[in-house]
Amino acid sequence: QVQVVESGGASVQAGESLTLSCAASGRAVYPMGWFRQGPRAEREFVAVVGWNGEKKYSDTVKGRFTINRDGAKNTLSLQMNSLQHEDTAVYYCAAKSLANIQRNSDQYDYWGQGAQVTVSK
């Protein structure tokens with residue numbers, strides 16, 4: 001069984017930066033990614049990193065967010081710069097059992113409890 005735990009959620013001002021962290025325990029899993037769910041919205045893809053280091057981002061965060069993975073520690077981070085009010089959401093770390101990169105949340109097997117990020121205008 002794999003357990004996924006996020007940390008680092010906070011309230012910040014627009015334009016500021018914040019880093020979310022995620023730790024997966026149990027066994028190494030790839031790929032690992034971040035999703036978010038804003039108020040009155042569906043869960044959406046943010047970023048993912050595969051076993052070979054390949055990274056993908058949603059168009060809304062590309063250029064502002066950076067996903068990084070430490071394979072040895074089985075940890076994941078999301079560096080978020082130039083945060084906007086529209087980035088306000090609960091951010092979820094997720095991991096898959098199969099190796100192919102997916103943007104579809106239905107393809108992910110393991111989920112954290114979520115970390116609240118609130119960006120004030």
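The values are calculated or read from the model by the stated rules, or taken from the named source; none is laboratory data. This structure is a prediction, so every number in the text was calculated from the model and none was measured. In this analysis, Cβ positions are derived from the backbone assuming ideal geometry, glycine residues included, and neighbour counts consider all displayed protein chains. Each accessible area value is taken on the protein alone, full model and side chains, heavy atoms only, with ligands, DNA and RNA left out. Shrake-Rupley method; radii C 1.70, N 1.55, O 1.52, S 1.80 Å.
A Förster radius of 35 Å combined with the Cβ-Cβ distance from Asp70 to Gln1 puts the calculated FRET efficiency at roughly 0.95.
Placing a label point 7 Å from the Cα of Asn100 along the Cα-to-Cβ direction, the residues of the range 1-32 whose backbone N falls under 18 Å of that point are 30-32. Placing +1 on the Cβ of every Lys and Arg and -1 on the Cβ of every Asp and Glu, with nothing else charged, gives the chain a dipole about its Cα centre of roughly 140 debye. Probing with 1.4 Å while keeping every protein chain in the model, the per residue accessible area of the range 1-72 equals 53 Å². Treating each Cα of the range 1-59 as an identical point scatterer and summing with the Debye formula, the log10 of I(q)/I(0) at q = 0.12, 0.27 Å⁻¹ comes to -0.38, -1.30.
When the residues Tyr92, Tyr108 are ordered by accessible surface, computed with a 1.4 Å probe over the protein chains alone, the sequence from largest down reads Tyr92, Tyr108. Eigen-decomposition of the gyration tensor built on the alpha-carbon atoms of the range 32-121 gives equivalent ellipsoid semi-axes of 21, 14, 12 angstrom, largest listed first. For the pair Thr19 and Ala41, the difference between a 0.36 nm per residue extended length and the Cα-Cα distance amounts to 5.7 nm.
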